[in-house]
Amino acid sequence: MNAPIQQDTSSLNALHTTIVQLNKVILGKDTQIRLSLACLLARGHLLIEDVPGVGKTTLAQSLAHTLGLSYHRIQFTSDLLPADVIGVSIFDRNDSSFHFHKGPIFAQLVLADEVNRASPKAQSALLEAMEEHQVTADAHTYVLPAPFFVIATQNPTYQIGTYPLPESQLDRFLMRIELGYPDATHERQLLSGQDRREFLHTLGATLTLQQLLTLQNQVQQVHVSPALLDYIQALVRYTRSSTKFVAGLSPRAALALLRAAQSWALMQGHIGVLPEDVQAVLTAVIGHRLVPANDTALNKPTDIGHYVLKSVAVP
Amino acid sequence: MQLTVLRSLQIKYWPANARELVLTTSVVLLALLPHLPHLPFWIPLIIVASLLWRITIELHAAALPNKWLRNGIAVIAMSSVLRTFHTLNGLEAGTALLSIMAGIKLLETRDHRDYTILIFIAYFLLFAELLYDQSMWMLPYLLASTLFSTATLMRLHDGGSHITYRDALKRCTQMALQAAPLALLLFIFFPRLQGQFWALPSRGGATSGLSDEMSPGDVSQLSLSDDIAFRVEFNGELPPMNQRYWRAVVLHEFDGRTWRRARMGLGIGAVQKIGPMFEYRLLLEPSNQRWIPVLDVPLQWQLPNSIILPDLQLLAAQPLSQLTSVTVQSTTQYRYGLQLSNTARRLDTQLPVTANPRTHELAQRMYAQAGDDVTYINSVLRMFNHETFSYTLEPAKLGTNAVDDFLFNTHAGFCEHYASAFTVLMRAVGIPARVVTGYQGGEYNSLGHYLIVRQADAHAWSEVWLADQGWVRIDPTAAIAPERVNDGSQAALSGNEPLARRYLHQFAWINSARLGWDALNTFWKKHIVQFDSSEQQSLLSKLGIDSSDWRDLGLSLVIAFVLFFFGMLLYLTWKFKPRRVDPVVKLYEQLQHKLKKQQIVRAVHEGPNDYLKRAAIAQPSRATQLKEIRDAYVALRYGLNADAQTMQRLRQLVKEF
């Protein structure tokens, strides 16, 4: 059993250290932490959706710290302009020319906080950058740093003052996760312990940039067997034929599912992608990509994920 | 012009469900169409009115009539049917009710459920049509309509996949073709139980063909009809043309104008055969009458519950409301009724005292001249032959003393005039005589080797009783128009026939096409519609199945079905079998089977890792074994470089487990 992932165990070990460390900051959210890392390793962007105050921003900040990435935070508000995200050209009197001042998007990890509070114009500036990995200003194209990872948080769409992201833009996020309330034990620990934000600053980077890039490359090399592809196709086919959904999953979604599953398999140390790996990331990957039909009881993305999971047999 | 019409319609909107509505309505109309001839005239009117009402509603986006109005209409419709038929039961009333309900259902049709109900009504109407008419040309129509209905049903229930009508039709045709072998199987093997329960419901309504009384003009009226009365298939030789007398009704009572059947019983007379015997099978078209025309005179027949009257009329138990087939043996040379009872003699010499005085006078005079019965009969026939009598389809109207009028004034008549006059002349001198009506002749179809007897071949003749010979058939028409008896009705009447019909018989190819079509029709009737228990038996014995008790048939049917579905099962299993059977998958399935016995069942969505971990927890004693199996299976199924050794190991592990 000499799968390629065993070749460089050092980066994998570093990854596990990272997980342990992150668990010290965000208490009792192991799954969400692992999903976030899987998302990052699969070179996808992450959307965290939950009510305010459950630690969305803290998670994003801890990720930036422990991964040792350059980090910017953009607070989205209703009057945010695209220039506030991308940057702006300013006239320099010294050499009588325009100079482009890079906006906060130029960082390896960008936290777009409360992304659905901004107008669609500002949202699309961010989302375009996410897709293209570059921004264009004044007919000039600027390449964004690599790795480029966006964590966007958003409030539940039923809250006042939100501009819900359209489905086509939700699709840009590889995963969507919820944090949820902590359980009693962890909440007690949180209340009695020191301030999380300050604790955060004591953490050092546990993963080098080189290790991160190695891991990202390894994800793509995790073996995918025909049997697993059968399973992924069965899942996708099911969403397309089921009457529970307005539309089925796109090929892009299928690809996203595969990448995320590979990433998960790598983190689990599996010798190839197992159906369980697909199932672990399924809800996070497809929950925001499927719109339930009107008459179904499937309202929440988690319900959708579970429903699809239960409905499709593992071949 | 057209535009103004369209504008004046003021189409406010094009209804969203227009396509469904139009399709469903046309299906219902298609199903109603063949019922038009046997529906009371007011029912189509109501249906058309409902249709127009519905169209108006759609064009003006108006509301459908409310519940009370609809219920009111339904109650009125139902009571009208009840008034017309005095029942809601039975074929005719049932069809009428169904038709009218289909029509007024349009007034409340709004959703898929209603469309579906309408289409089911259409199916029912189409099948009800088979109870009326089983002719061959009906079949393509019914098949096409059924396909159309099914395709529409498929369109209505396409589950949003928007199947095109063409595809739906294609798929329905496919389904029909797939069902054909089963239908054939059922047709051949389904037990044909004899008895009223299986018979088609008898219908009230018009009778056709000969009636059980005869007035001047009755038979000549019939000879205008080209309808087929019956077909005959001879087993062996055919009797010569002039011997083909098909005896149906025997008439005894005379009131001066009309002949009627006897109302009293007669003695029994035995038939003595003195010539060759003919065996044949009659295929009788429905006439709604009980009498069965048989070759003069019948000896034996096979028809349950039929009776024969002493004057040799064969009667079925029920009016013939559907195609009936009877096998009969007859002889054309016979001796019958040598003993004549006094009652019978009185009945057959009875004449109204005051009617036809001149005929009485003529009879007395001629009998005095002739001296004995036979000479008298011959002199009467000679009179018809030599004097200015003529044979015509359109004789002049006769007065109250019909026979007097015919013999002394008009001198022109059809067979019933001659038979009637002859019989009266016999009775006037005390010779027992009676009128027999039936058919004479028939057209031989050389393509199908059978005889077609039409209503046009209807005929009337006489029988006289002679002391030493019993009842003897005398056909006075043969004296005046011998070609009627020798060459058939067409030859005798060619001068009177409409032009078109005359041409029809003149051109050989038209004639053979006509006969070919009839042969095809006869085949259809004889072998498909009339496929009864005896036909079934003979077919099955040809297939080598000799026992054909209905229980055996039922059993073989069940067996055939089981075999068929088993075959289907095998085929489908083969078809949907995974093309490449992965040995790893097989082993995994074996393992699952073994674990199942320990109540550890894999949920369909459960992956191997989760499942085998769960199994290990449930069976701690075998945890290591299960872990090894898990690793091997996962490596083989989902890993990259699984080798033969791992495979070997998994096989061994599963076997040992």
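When you scan the range B:24-137 for helices (runs of 4 or more DSSP H) that lie fully inside it, which ones turn up with 3 or more residues that are over 20 Å from residue B:321 (Cβ atoms) and of a type in the set (Val, Ile, Thr)?
Correct list: B:42-59, B:67-85, B:112-132.
Might you let me know whether the range A:275-283 holds any residue that is within 27 Å of residue A:220 (Cα to Cα), within 14 Å of chain B (Cβ to nearest Cβ) and part of a loop (DSSP other than H, G, I, E, B)?
No.
Can you tell me which residue in the range A:238-274 is farthest from the other protein chains (Cβ to nearest Cβ), limited to those that are part of a loop (DSSP other than H, G, I, E, B) and among the hydrophobic types (A, V, I, L, M, F, W, C)?
Restricting to residues being part of a loop (DSSP other than H, G, I, E, B) and among the hydrophobic types (A, V, I, L, M, F, W, C), the top hit is A:249.
For residues in the range A:215-245 being of a type in the set (A, V, I, L, M) and free of Cβ contacts under 8 Å to residues at least 40 places away in the same chain, which is surrounded by the fewest Cβ atoms within 10 Å (Cβ to Cβ)? Write out each step before concluding.
Of the residues in the range A:215-245, the ones of a type in the set (A, V, I, L, M) are A:215, A:219, A:222, A:224, A:227-229, A:232, A:234-236.
Subsequent filtering for residues that are free of Cβ contacts under 8 Å to residues at least 40 places away in the same chain retains A:229, A:236.
Working: A:229: 14, A:236: 20.
That would be A:229.
Hey, among B:279, B:233, B:237, which residue is surrounded by fewer than 17 Cβ atoms within 10 Å (Cβ to Cβ), assigned to a strand (DSSP E or B) and among the acidic types (Asp, Glu)?
That would be B:279, the only listed residue that is surrounded by fewer than 17 Cβ atoms within 10 Å (Cβ to Cβ), assigned to a strand (DSSP E or B) and among the acidic types (Asp, Glu).
In this structure, does residue B:561 turn out to be in a helix (DSSP H, G or I), more than 11 Å from chain A (Cβ to nearest Cβ), among the aromatic types (Phe, Trp, Tyr) and surrounded by 13 or more Cβ atoms within 10 Å (Cβ to Cβ)?
yes
For residues that are crowded, with 17+ Cβ neighbours inside 10 Å and farther than 25 Å from residue B:420 by Cβ, scanning just the range B:193-229, find the one that is modelled with the lowest pLDDT.
Out of the qualifying residues, it is B:203.
Against the conditions (1) in a helix (DSSP H, G or I); (2) within 11 Å of chain B (Cβ to nearest Cβ); (3) polar (S, T, N, Q), where does residue A:210 fall short? Just the number, please.
In the conditions (1) in a helix (DSSP H, G or I); (2) within 11 Å of chain B (Cβ to nearest Cβ); (3) polar (S, T, N, Q), residue A:210 misses (2) alone.
Would you pick out the residues in the range A:152-195 that are among the hydroxyl-bearing types (Ser, Thr, Tyr), modelled with pLDDT of 80 or more and either assigned to a loop (DSSP other than H, G, I, E, B) or under 13 Å from the mean Cα position of the chain (by Cα) (or both)?
Of everything in the range A:152-195, those that are among the hydroxyl-bearing types (Ser, Thr, Tyr), modelled with pLDDT of 80 or more and either assigned to a loop (DSSP other than H, G, I, E, B) or under 13 Å from the mean Cα position of the chain (by Cα) (or both) turn out to be A:153, A:163, A:181.
Scan the range B:431-444 and tell me whether some residue there is in the same structural domain as residue B:334 (by TED's automatic domain parsing), under 33 Å from the mean Cα position of the chain (by Cα), assigned to a helix (DSSP H, G or I) and acidic (Asp, Glu).
no
Could you check, for the range A:42-52, whether at least one of its residues is of a type in the set (Val, Ile, Thr) and modelled with pLDDT under 85?
Among the residues of the range A:42-52, at least one is of a type in the set (Val, Ile, Thr) and modelled with pLDDT under 85, which makes the answer yes.
Any idea how many residues of the range B:311-367 are closer than 30 Å to residue B:405 by Cα and assigned to a loop (DSSP other than H, G, I, E, B)?
Going through the range B:311-367 one residue at a time, the tally reaches 8.
Would a scan of the range A:221-230 turn up a residue that is assigned to a helix (DSSP H, G or I), within 14 Å of chain B (Cβ to nearest Cβ) and of a type in the set (Gly, Ala, Ser)? Please lay out each step first, then the result.
Here is the first cut: in the range A:221-230, the residues assigned to a helix (DSSP H, G or I) are A:221, A:226-230.
Now narrow it down to the ones that are within 14 Å of chain B (Cβ to nearest Cβ): A:221, A:226-230.
Next, from what is left, pick out any that are of a type in the set (Gly, Ala, Ser): A:227.
The answer is yes, given that some residue of the range A:221-230 is assigned to a helix (DSSP H, G or I), within 14 Å of chain B (Cβ to nearest Cβ) and of a type in the set (Gly, Ala, Ser).
I'm checking my understanding of the structure. Among residues of the range B:629-648 that are farther than 15 Å from residue B:583 by Cβ and crowded, with 16+ Cβ neighbours inside 10 Å, which one is modelled with the lowest pLDDT?
That would be B:640.
So which residues in the range A:299-315 are over 19 Å from residue A:175 (Cα atoms) and either charged (D, E, K, R) or at pLDDT below 85 (or both), if there are any at all?
Across the range A:299-315, the qualifying residues are A:310, A:315.
Of all residues in the range A:281-308, which are farther than 14 Å from residue A:242 by Cα and touching a residue at least 40 places away in the same chain (Cβ under 8 Å)?
A:281, A:282, A:284, A:285, A:286, A:287, A:288, A:289, A:301, A:302
crowded, with 17+ Cβ neighbours inside 10 Å and more than 30 Å from residue B:163 (Cβ to Cβ): which single residue out of B:62, B:93 fits that description?
Answer to the selection: B:93.
Quick one: count up the residues across the range A:284-314 that are more than 8 Å from every other protein chain (Cβ to nearest Cβ) and either more than 20 Å from the chain's Cα centre (by Cα) or of a type in the set (S, T, N, Q) (or both).
Final tally of qualifying residues: 11.
Could you please find all residues in the range B:564-590 being in contact (Cβ under 8 Å) with a residue 40 or more places away in the chain and either away from every other protein chain (no Cβ under 14 Å) or β-branched (Val, Ile, Thr) (or both)?
Across the range B:564-590, the qualifying residues are B:564, B:584, B:585, B:590.
The values are calculated or read from the model by the stated rules, or taken from the named source; none is laboratory data. What you are looking at is a predicted structure, and each value in this text was computed from that prediction instead of being measured. Neighbour counts run over all protein chains shown; Cβ positions are idealised from the backbone, glycine included.
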